[in-house]
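Enquirer: Mind looking over this structure? Questions follow.
The values are calculated or read from the model by the stated rules, or taken from the named source; none is laboratory data. Not measured: the values here are computed from a predicted model. Methodologically, a virtual Cβ is constructed for each residue, glycine included, from the backbone with ideal geometry; neighbour enumeration extends over all protein chains shown. Areas reflect the complete protein model, heavy atoms only, side chains present, ligands, DNA and RNA absent. Shrake-Rupley method; radii C 1.70, N 1.55, O 1.52, S 1.80 Å.
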Amino acid sequence: MSFSVKPVLTGRRTVLRPFSEADAAAMWEIVGDPEVVRFTFEPSTDLTEEGLRSWYGSRAGAPDRLDLAVTDPETGEVLGEVVLYAYDPNGRSCTFRTLIGPRGRGRGIGTEATRLIVGHAFAELGLHRIELAAWAHNHRALRVYEKVGFVVEGVKREVQLRDGVWADEVIMSILDREWAALSATAR
């Protein structure tokens with residue numbers, strides 16, 4: 001299995017597509033959003049617009065991970081990203097993460113983007129398991145993951161001091177058979 005093929009995945013509310021260097025300006029704005037910073041980055045993360053331009057410009061050629069832009073299907077505006085990474089060939093598993101900027105929130109876009117990438121991972125890439133980690137205080141993300149079918153495996157207690165408060169990290173996963181059962185009932 002390789003992440004070399006970068007698909008376009010189309011839903012009703014969003015289109016997931018490969019990143020280009022031109023997407024860096026939109027992502028620069030998104031990663032500067034206080035909610036994105038609060039739930040996504042380590043407190044010491046130092047981002048630059050030039051660094052993001054280089055990063056997003058290299059995503060289409062990265063064979064070890066799948067980074068897709070979450071876009072508005074009507075305007076093409078970049079609203080966030082979904083990522084599959086850390087592939088384990090023995091377990092046919094990988095890790096998932098997403099971030100949605102302020103203009104994409106509250107519209108069901110994060111839920112649909114997550115469903116699209118998870119469906120692709122199981123149906124096209126042949127994965128068995130997808131896992132993720134989310135901060136326990138990121139209630140919006142946890143609701144999205146539960147709606148999609150991710151199951152809480154455990155909580156890593158007080159793993160990091162964030163804004164002066166010890167934060168718990170929730171570990172979740174979904175298996176191919178769980179996704180298949182959910183997909184069958186949705187038809």
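Enquirer: Would you be so kind as to identify which of 141, 164, 130 lies farthest towards the positive end of the dipole of region 121-187, taking Lys and Arg as +1 and Asp and Glu as -1 on Cβ and the Cα centre as origin?
Expert: So the residue we want is 141.
Enquirer: Counting only heavy atoms of the protein chains, get the accessible area per residue of region 1-118 (1.4 Å probe) and round it to a whole Å² value.
Expert: I get 48 Å² per residue for this part.
Enquirer: Return the calculated 222 nm mean residue ellipticity for the chain, to the nearest 500 deg cm²/dmol, obtained by summing -39500 (n - 2.57) across DSSP H runs with n ≥ 4 and dividing by the residue count.
Expert: Calculated mean residue ellipticity at 222 nm is -9500 deg cm²/dmol.
Enquirer: Please give the Cα centre distance for region 64-79 versus region 1-58, rounded to the nearest Å.
Expert: 8
Enquirer: Right, next: With all protein chains present, how much of the accessible area of the chain (probe radius 1.4 Å) comes from carbon and sulfur, to the nearest whole percent?
Expert: 51
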